[in-house]
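Peer 1: First, the structure itself, so that you have it in front of you.
Every number in this text was worked out from the coordinates using simple rules, so none of it is lab data. Remember, predicted model here, so these are calculated numbers, not experimental data. Note: ideal-geometry Cβ built from the backbone for every residue, glycine included; neighbour counts use all protein chains shown.
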Amino acid sequence: MTLLENLCSANKQQGGTIHQFLSHNHNFMNVEAFKKAYDEFIGIGITFSSRKSFEKLAEQYHITINWK
């Protein structure tokens, strides 16, 4: 599952853009590190099934996810 698909699923919505969730974060390097970490965790079998799980990962990279 892609990052966008999983964010939409955790937010209980169908479809959207990655920018609606992450574009308000001004540090592009942190966003890229967050995306890379997500891909690595998914690659080893760790899943993100809730907002809380995403928020724990995002907090490590000083990212705020816009759930609205």
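Peer 1: Can you name every residue in region 1-36 that is in contact with a Phe, Trp or Tyr (Cβ under 7 Å, 6 or more places away or on another chain) and over 15 Å from TRP67 (Cα atoms)? Step through it out loud before you land on a result.
Peer 2: Step one: filter region 1-36 for residues in contact with a Phe, Trp or Tyr (Cβ under 7 Å, 6 or more places away or on another chain), giving 3, 6-7, 10-11, 30, 33-34.
ASN30, ALA33, PHE34, listed by residue number.
Peer 1: Pull out all pairs, ordered by first then second residue, where Cβ-Cβ is under 6 Å, the residues are six or more apart or on different chains, the first lies in region 29-49 and is over 15 Å from THR2 (Cβ atoms), and the second is among the hydroxyl-bearing types (Ser, Thr, Tyr) and loosely packed, with under 15 Cβ neighbours inside 10 Å.
Peer 2: none
Peer 1: May I pose another question? PHE48: outside any helix (DSSP H, G or I) and surrounded by 15 or more Cβ atoms within 10 Å (Cβ to Cβ), yes or no? Spell out how you get there, then give the answer.
Peer 2: On the way: outside any helix (DSSP H, G or I): yes; surrounded by 15 or more Cβ atoms within 10 Å (Cβ to Cβ): yes.
Spelling it out, PHE48 is indeed outside any helix (DSSP H, G or I) and surrounded by 15 or more Cβ atoms within 10 Å (Cβ to Cβ).
Peer 1: In addition: Quick one: count up the residues across region 1-38 that are surrounded by 11 or more Cβ atoms within 10 Å (Cβ to Cβ), in a helix (DSSP H, G or I) and not aliphatic (A, V, I, L, M).
Peer 2: 12
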